[in-house]
Amino acid sequence: MIHFKNGIAEDIRPWGKFRSFPHQYAGSIKIITVNPGETLSLQYHKRRSEFWVVLDRGLEVTVGDKVWHPEKNEEIFIPAQVPHRMKCIGDSPTRLMEIWIGDSAESDIVRLEDKYGRLNKT
């Protein structure tokens, strides 16, 4: 068994492999759908990391200084306090699965940029 960041482990079997997530630390598991031309806030979280699995093509993802177009099934780890966002650049809605790792809530969002006017007031 190989251990990854924050307790994620991978076990290789004759038929393939599986990933185990430390469910006791998973605050939420979501499927996020982004409509064509829409984008989420450039944001970070103080208390949680996130693990994303891309379900559809057509996303542009930003994590820190890196911006790219992930492939379907690509896995992305986002450490706590690292700015990130996703944008749908395709012609149809795109989805990803998000797993929170760490003690957190929806209120743990610090928005740095937001086209909908939802910036954090400091």
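The values are calculated or read from the model by the stated rules, or taken from the named source; none is laboratory data. In this text the structure is predicted, and so the values were computed from the model without any measurement. Neighbour counts are summed over all protein chains in view; Cβ atoms, including those assigned to glycine, are modelled from backbone coordinates with ideal geometry.
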Residue check for Lys66: of a type in the set (Lys, Arg), surrounded by 15 or more Cβ atoms within 10 Å (Cβ to Cβ) and either modelled with pLDDT of 90 or more or at positive phi (or both): no
For segment 70-85, pairs from a residue that is surrounded by fewer than 18 Cβ atoms within 10 Å (Cβ to Cβ) to a residue that is among the acidic types (Asp, Glu), with Cβ under 7 Å and 6 or more apart or across chains, are Lys72/Asp56
Would you pick out the residues in segment 1-46 that are modelled with pLDDT of 90 or more, under 17 Å from Gly102 (Cβ atoms) and surrounded by fewer than 14 Cβ atoms within 10 Å (Cβ to Cβ)? Lys46
Restricting to segment 51-69, count the residues that are within 12 Å of the chain's Cα centre (by Cα) and either farther than 12 Å from Arg85 by Cα or assigned to a loop (DSSP other than H, G, I, E, B) (or both). 4
